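Data block below; observations after.
The values are calculated or read from the model by the stated rules, or taken from the named source; none is laboratory data. Nothing here was measured: the structure is a model prediction, and the numbers come from that model. Here the Cβ positions follow ideal geometry from the backbone for every residue, glycine too, while neighbour counts run over all protein chains shown.
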Amino acid sequence: MSATGGKTRDFHNRPFDKLKKKLEQAKPAPQILPPPPPPTDEDLFENAMSDVLEIPEFRFLPCAHGMRRSAPSRERHDPDIDALSLLEQIAAGKEPINLSDTQEYIEWTNPAVSEDLTKDLHAGKFSVQGMIDLHGFTGDAVNEELDVFLAEAFTRRWRCVKIIHGRGLRSVRGPVLKDAVVKRLLGRYRASIIAFVSARQCDGGLGALYVLLGLK
C-alpha cells in the first residue's frame, strides 16, 4: 500500500489466488469405503462365547450304563407244549381263562348291523336290565318261558338282557338247553335282535348269554 496525496489505496495484485484455486480443483475427492460385510455365524458364536470359561471338572462326567437287553430267543416252541403249559397255569389259577378262546363261546351279530358290538357286549359295556334263568325247563317249555320274557323286555323297552341256559355238562346229549335258546333267538327273534354273546365269567360265563335287543 502507498501514500499519494494523503490517500491510501488497496493493493489488488494477488498472484497466489489463482494458484490456490488450482490446488483446490486438483485435490482428489474423498474416497467412500464400502460397508463392512455382515458377521458370520462363526463370528457371532465366538463373540457370544468370548467370556465363557471352561470348568475342568466337567470335562469328564461319569455315565450310567443302561441295562443290556437280551436278544429274543430263536428257539422254536412246540405249540402243543405251549398250549399244555398254558392249561397247567390256568388249572393252577395263575392265568385267567379267556372265554372267547373256548369252543363253548358263542357270538352273533345281525347282518343288518354294520358295527360289530359283540366285544363291547361281552365286556359288559351294556347294562343288563332284565334276566331269566331257564334251568329246569325242557322241550316246548323253554320256548314258552323265553317268549314271555322277551315280550316283557320289548314292552318295557329293555336294551340288554341276560338269559341263563347253563352249560349242559351233566347232560349226556350235551348243552341241549343252550342250543334251544340259540335256535329260538335266531329263528323267531332274528330280526329283533342286534347281537348276542356269551356272558362274562362273573355273570355266568359260558352258561349265559347277553342279548342286545332292537326296539320294535
From the list G204, G168, which one is without any contact (Cβ under 8 Å) to a residue 40 or more places away in the chain and surrounded by 11 or more Cβ atoms within 10 Å (Cβ to Cβ)?
-> G168
For the subset of the stretch 107-122 comprising residues that are modelled with pLDDT under 90 and hydrophobic (A, V, I, L, M, F, W, C), which member is surrounded by the fewest Cβ atoms within 10 Å (Cβ to Cβ)?
-> A112
Looking at this structure, is F126 under 19 Å from R190 (Cα atoms) and either of a type in the set (F, W, Y) or in contact with a strand residue (DSSP E or B) (Cβ under 7 Å, 6 or more places away or on another chain) (or both)?
-> no
State whether the residues of the stretch 193-200 include one that is assigned to a helix (DSSP H, G or I), under 26 Å from E115 (Cβ atoms) and either at pLDDT 95 or above or within 39 Å of the chain's Cα centre (by Cα) (or both).
-> no
